[in-house]
Amino acid sequence: MANPSSLPLHERITRKNTIQRAFDLILLFLLFSLLVYRIASLNNHGFTWLLAFMCESWFTFLWLLTISTKWNQVEYKTYPDRLSQRVPELPPVDMFVTTADPMLEPPIITVNTVISLLAVDYPANKLACYVSDDGGSPLTFFSLVEASKFAKLWVPFCKKYNIPTRAPFRYFSSESVSSSKNYSSEFKQEWKRMKEEYDELCRKIEEAVQKSKPCDLTGDFAVFSNIERKNHPSIIKVIWENKEGLFNGLPHLVYISREKRPKHPHHYKAGAMNALTRISGVMTNAPFMLNVDCDMFANNPQIVFHSMCLFLGIENERDCAFVQSPQIFYDGLKDDPFGNQYFVLQETMSRGMAGIQAAMYQGTNCFHRRKVIYGLSPDESEAKMRNLSSINGTGINYNFVTCFLLILFSCCDLCLHVLHYFCLLGKFIEKGLDKNFGNSMDFTKSTAETFSGWKVKTDRSNNLSSFLEAARQVAACEYEYSTSWGTKVGWIYGSTTEDILTGMKIHARGWGSVFCTPDPPAFQGCAPSSGLTTMNPNEEMVHGPSRNPFQ
Ligand SMILES: O=c1ccn([C@@H]2O[C@H](COP(=O)(O)OP(=O)(O)O[C@H]3O[C@H](CO)[C@@H](O)[C@H](O)[C@H]3O)[C@@H](O)[C@H]2O)c(=O)[nH]1
Ligand SMILES: [Mn+2]
């Protein structure tokens, strides 16, 4: 039997699509025959023949592109069970959820997404969930506070009984255990309690939705009094902190509403993602970041493990800047009359693109390497790791004065620490990195950690609240001025489809990416129920990038 520690974490399997390829080639042959026929008889016909020839040439060109995106479809099979043998310590992951309007995106949906993330099978002390609320709404904050209370019961229940669906609204809509004989009476009792607790949570949120204010705006809620949606300071609240760093506890949960002022552009979702990146950088600074829309819950509790099999198992880091999972919708209409499931896009094109070089970034259901979002190319990343990791004391290029000081103070731990810190920052400022990322010392320091491959590390252990002031600073609307946020760093501005621009920019730097399709599906969302609501995002997707092609 093979040694378990030498088994691969994933396999790349090429799909057999011989019949499909044969059909595609026959069609291509027919198209070329038509073009040849047009050219051959062009003289006998007039301008209309030429026009038809031009149109058909364009169509043939598009057909060639379509074939090439579908030609080499690949699938990645992941083996999460092997992770514990191969990786002694799993890396932390910061999870981002964005919401913008509690009326259009009901808080109970956002809450379910958040709960499903808090309950994933991954060491809880390696996870932090950040919720960005562009609505600046006390209702969203109230719902999250209540959700965190419910999650303290729900998460242990899910882990104890290995519950397959961890978004409670989905779980309770499909499972009814009271009449079934297959369950133990202990489970039935706990299930009943969970159901009651969840119903209570729904009731509280529903009540809050009906009122003009969800509760008295005092205490933690006082910041929400007298603010407008588009005119308020940064609001950052640590709702729950896994202070003891419990492996089986509840991950950190942080509420964020970045500063908004009428005269400052906020850049929609891309702006929210960049604020989330900076705030999480200051607070937990995990090397991997997951981003989901508020209506996309984690459907496969093992999804973080699956993604880690790809990130950590890939031979060459440059082949995996991000791990994208498809957007799949539950309870879709039979035969998908409005095309909500994007079957061709998800099933053939995305797998085909992954086979050529890289899966597309779809804006949600995606894990990124933090350093990729910071704008590094694969070559720069390798160079920086070599260069900056040396600051940690192994082969550092200290000058004479520093060496003298080092010897002088070597008996004093504190002085060494301070010296080390200034060397690190000095190197950053010398390289101009602070100009790209803005002038927050805490954030600059966290970027240095990211670039060094976490060989230099600040002890942030479980003291999120002490970073609140720094977090507010990087959430301010003026923070990005004269920096590279939105152009070279972070999510790219200037398009309604920030995902396509950001993904293309990452690929243009030389990174590849991977399409992750575990069973059951990684994430699921709520499908639009009418044709018109489907057409909106489709129109955005098709026209978004071309509205600003030079970004
Ligand atoms: O100012 C804003 C606007 C939107 N959002 C959030 O961005 C997400 C996506 O916005 P939505 O209007 O729902 O767009 P969709 O068309 O449903 O989303 C698809 O298309 C977007 C643009 O291409 C991608 O960003 C999304 O990830 C992708 O799911 C949602 O969570 C919103 O809450 C913000 O946080 N701030
Ligand atoms: Mn949406």
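Okay, here's what the table says:
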item: Residue ID - surrounded by the most Cβ atoms within 10 Å (Cβ to Cβ), chosen from residues in segment 201-214 that are touching a residue at least 40 places away in the same chain (Cβ under 8 Å) and among the charged types (D, E, K, R); result: Lys204
item: From the options Phe53, Phe47, residue that is modelled with pLDDT of 90 or more and on the phi < 0 side of the Ramachandran plot; result: Phe53
item: Helices (runs of 4 or more DSSP H) contained in segment 81-166 and holding at least 1 residues at pLDDT 95 or above and within 16 Å of ligand 2 (Cβ to nearest atom); result: 107-118, 138-161
item: Among (1) exposed (fewer than 13 other Cβ atoms within 10 Å of the Cβ); (2) touching a residue at least 12 places away in the same chain (Cβ under 8 Å) - the single one Phe29 does not satisfy; result: (2)
item: Residue within segment 54-69 that is under 30 Å from Asn274 (Cβ atoms) and of a type in the set (Gly, Ala, Ser) present; result: no
item: Any hit, segment 226-238, residues being in contact with a strand residue (DSSP E or B) (Cβ under 9 Å, 6 or more places away or on another chain) and within 16 Å of ligand 2 (Cβ to nearest atom); result: no
item: Lone unmet requirement of (1) hydrophobic (A, V, I, L, M, F, W, C); (2) more than 20 Å from Thr348 (Cβ to Cβ); (3) at pLDDT 95 or above for Ala522; result: (2)
item: Tabulated pairs, segment 279-296, first polar (S, T, N, Q), second part of a helix (DSSP H, G or I) and away from ligand 2 (no atom under 16 Å from the Cβ), C-beta under 8 angstrom, 6+ apart or interchain; result: Thr284/Leu464; Asn285/Arg370; Asn285/Ser446; Asn285/Glu449; Asn285/Thr450; Asn291/Leu276
item: Qualifying positions in segment 484-504 - assigned to a helix (DSSP H, G or I) and crowded, with 19+ Cβ neighbours inside 10 Å; result: Glu498, Asp499, Ile500, Leu501, Thr502, Gly503
item: Search result, residues across segment 246-287 that are within 16 Å of ligand 2 (Cβ to nearest atom) and surrounded by fewer than 23 Cβ atoms within 10 Å (Cβ to Cβ); result: Tyr268, Lys269
item: Any hit, segment 216-230, residues being under 24 Å from His368 (Cβ atoms), in contact (Cβ under 8 Å) with a residue 60 or more places away in the chain and away from ligand 1 (no atom under 16 Å from the Cβ); result: no
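The values are calculated or read from the model by the stated rules, or taken from the named source; none is laboratory data. Note that the structure is predicted; figures quoted are calculated from it, not measured. As a convention, Cβ positions derive from the backbone with ideal geometry for all residues, glycine included, and neighbour counts pool all protein chains shown.
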